[in-house]
Amino acid sequence: MKQFVLGLLVLLIVSCGTGKTDRAAKDSVKEKYANQIKPEDLKEHVYLLSSDILEGRKTGEKRQEMAVNYFTAYYDHIGLLAPTTYPEYTQEIPVTYFENKSSGPSENVLAFVQGSQFPNEVVVISAHYDHLGMKDDEVYNGADDNASGSSALMELAQSFQLAKKQGNGPKRSILFLHLTGEEIGLYGSQFYIENPVFSLDSTVVDLNIDMVGRVDEAHMDKKDYIYLIGSNRLSSDLHKLSEKANKQFTNLKLDYTYNELNDPYKYYERSDHYNFAKNNIPVIFYFNGTHEDYHQITDTADKIDFDLLALRTQLVFYTAWEIANREDRLVLDEK
């Protein structure tokens, strides 16, 4: 009897240890790819996208096209697929769609990693890349708004693509979506919603990254924060998952100030995630808040905190990883 009890005790210890080992191994895999998101790589992207050469990336203008070429060359270089419906990575939007707010046509940029188990379910990660262009011969560089988010999106794509190459690709497909026309009225995201690569019914979530490289006045004493907007508006499941991912891996202060229903700034309605939310798709808007350089010529790359940008981007990575790899699709709250 003693031998039986001892054997059972050993079995229980081994079983418990194996469970912990499995969890640790899975966490180690996630961390491996999250750690591919590096401040120096983000810095390279931000400095290029917000350089004077691109003249502020105004929707429909020639220098915005240079940003598009940068994205597409990058995705082709790392071997990331383009959707079959847009083999050149670009979703063209005619000038007429912009209701006289653009001087020319423009395009969204789309790249994706195909899921292994649920390929027809898609996690969208988005960021707009347009800005204000030039006024009176001065460039509105838009380093924080939104070269920061655009650069984060590129590094997220690189990390998930590496995971895919090494046999650790996501169960659900992930669409990396660079959006145009945000500054003039969320036109790029509206066009995508009207012309989706994946049906809206198959779209699991939109994680939208818009201004994530700076610190606002309210957080000068503790900069390791990020505002989250919308995480609990449509799916409590998403909100809990987001909180858990942050607590386990990045430990940022998650600030929900602008998620209040009575937010006087109405940020929930002011970036591209809103067009997804209007179609009952759960969203999170990642945002550092405004600062004195918001929409000014002084929003330049030298003011970006690249270590903080990397940490915030890693939070998006961990959240997307969990959504893309769990067995069950995110649950919508009952209306």
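The values are calculated or read from the model by the stated rules, or taken from the named source; none is laboratory data. A quick note: this is a predicted structure, and the numbers were derived from the prediction, not measured. Note that we place each Cβ from the backbone using ideal geometry, even for glycine, and neighbour counts take in every protein chain shown. Remember, those area values only see protein heavy atoms, side chains included, never the ligands or the DNA or RNA. Shrake-Rupley method; radii C 1.70, N 1.55, O 1.52, S 1.80 Å.
A few notes on this one:
- For the stretch 312-327, Karplus couplings with θ = phi - 60° (6.51, -1.76, 1.60), whole Hz, Gly/Pro x: 5, 5, 5, 4, 4, 4, 4, 5, 5, 4, 5, 5, 6, 10, 6, 5
- Farthest toward positive dipole pole in the chain [+1 Lys/Arg, -1 Asp/Glu at C-beta], among A152, L332, N279: L332
- Think of a 1.4 Å ball rolled over the protein heavy atoms: the stretch 58-129 then has 46 Å² of accessible area per residue.
- Between 0 and 90°, nearest 10: helix 62-77 axis offset from the chain longest Cα axis: 30 degrees
- Mean ellipticity per residue at 222 nm, deg cm²/dmol - from DSSP H runs of n ≥ 4 across the chain, formula -39500 (n - 2.57): -11500 deg cm²/dmol
- Zone of I297's modelled label, taken as backbone nitrogen in the stretch 126-151 under 11 Å from a point 7 Å along Cα→Cβ: 134-141
- Global geometry of the stretch 169-301, whether rounded, prolate or oblate, following the gyration tensor of its Cα atoms and the 1.5 cut on a/c: oblate
- Helix axis angle, 149-165 relative to the chain longest principal axis, alpha carbon, degrees: 40 degrees
- Cut-off 11 Å, label 7 Å out along Cα→Cβ of S103, residues of the stretch 58-79 by amide N: 58-64
- Out-of-range pairs (alpha-carbon distance over 31 Å; input K240/K278; K58/K244; K62/K253; K164/K223): K58/K244; K62/K253; K164/K223
- In plain terms, the C-alpha convex hull of the chain casts an average shadow of 19.9 nm² when viewed from every direction.
- If you model the stretch 234-284 as an ellipsoid using its alpha carbon gyration tensor, with each semi-axis the square root of five times an eigenvalue, the axes come out at 21, 15, 9 Å, biggest first.
- Accessible solvent surface per residue of the stretch 245-335, calculated while the other protein chains remain in place, 1.4 angstrom probe, Å²: 47 Å²
- For the chain, the fraction of 1.4 Å probe accessible surface lying on carbon and sulfur atoms is 50 percent.
- V29-K240 FRET efficiency (beta carbon distance; Förster radius 25 Å; 0.05 resolution): 0.70
- Rg and Dmax over the alpha-carbon atoms of the stretch 121-236 stand at 16.2, 52 Å.
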